[in-house]
Amino acid sequence: MQLFVDNLTNVDFSYLDDQRGLVGETWLASALLDGGLNQTSMIWDFGLVKKVLRNWLDDQLDHRLLLPIQSKQLQYEIKQDRIILSWAFANEEVLTMDAPIEAVALIDAEKINEISVAQWSLKQLASEFPENLEHIQLSFEAEEISGAYYHYSHGLKKHDGNCQRIAHGHRSRIQIWQNGTRDNDLESIWAERWADIYIGSEEDLVSISSDAKQQMHFAYDAPQGHFELTLPQRVCYMMNSDTTVECISAHIANVLQSENPTSSITVKAFEGLHKGAISEI
């Protein structure tokens, strides 16, 4: 007998990739459980399945930076409740971060992908399952998107929740209307512009290195603690505001309106799955 829970929840996070660097991502999580019936004629109560799995995913993966700790490109040190890490890009560029330990997930794998994260998650979750379960399959998949989208990372220091973590992210649709008509060309331009981007706030920028590496250094204090991040300038996009999805949609609309002053512009910017903000000019 099998019990399934499709689209149990979604997780928004960032991860480190050997080629792409810092990548914002959104995955849908589903579960398939094999086992015998218990005394209530159930494999496991749906309410408990959802509660245990969703709470664990929200706590341990969502809004974290996923680190493949078997990768030779990663160096890290844990000091009390903080982690200091360095990631070497394939082209010898470097990302560094100093943050509270809860801002990351230490994935025991060489690469971050749907399979490695699912396998790691099940090992961590093993003690949470009832004895009658014989096998559990956890799967992750990205949303099917036929149009334009981008992967972005950011941090929201003013947020009381986990959005304050300096390197978490999303895989997000972008929809743009010019004079009431969808403009796929403009959508593609922004999707390319923000492919694997870090969207930073000028308020959080501490410095830009003067050497050839041109590293941007961001830092801020938030309710969960002090956060610092450095990464190559070429993968950063700066805004003179916070980087909430409301500010992102307004920023894109303002840029497009300045480039097309006689046009009306509507921007629907998503933040991960099924949520976001709309700005009209």
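The values are calculated or read from the model by the stated rules, or taken from the named source; none is laboratory data. Bear in mind the structure is a predicted one, so any value in this text is a computation, not a measurement. Glycine gets a Cβ as well: all are built from the backbone with ideal geometry, and neighbour counts include every protein chain shown.
In the set I174, I189, I199, I208, only one residue is in contact with a His (Cβ under 8 Å, 6 or more places away or on another chain) and at pLDDT 95 or above; that residue is I199.
With the structure loaded, tell me whether A195 is small (G, A, S), in contact with a strand residue (DSSP E or B) (Cβ under 9 Å, 6 or more places away or on another chain), part of a strand (DSSP E or B) and within 25 Å of D62 (Cβ to Cβ) or whether it fails that test. So A195 does not fit the description; no.
Scanning the stretch 78-103 for residues that are at pLDDT below 95 and surrounded by 19 or more Cβ atoms within 10 Å (Cβ to Cβ) yields a single hit, F89. Residue-level check: of (1) over 22 Å from Q233 (Cα atoms); (2) buried (at least 16 other Cβ atoms within 10 Å of the Cβ); (3) modelled with pLDDT under 95; (4) of a type outside the set (D, E, K, R), W120 misses just (3). Entry remark, the stretch 77-130: residues being assigned to a strand (DSSP E or B) and free of Cβ contacts under 8 Å to residues at least 24 places away in the same chain number 8 in total. How about the stretch 98-118: which of its residues are β-branched (V, I, T), in contact with a Lys or Arg (Cβ under 9 Å, 6 or more places away or on another chain) and under 21 Å from S139 (Cβ atoms)? Passing the criteria: none in range.
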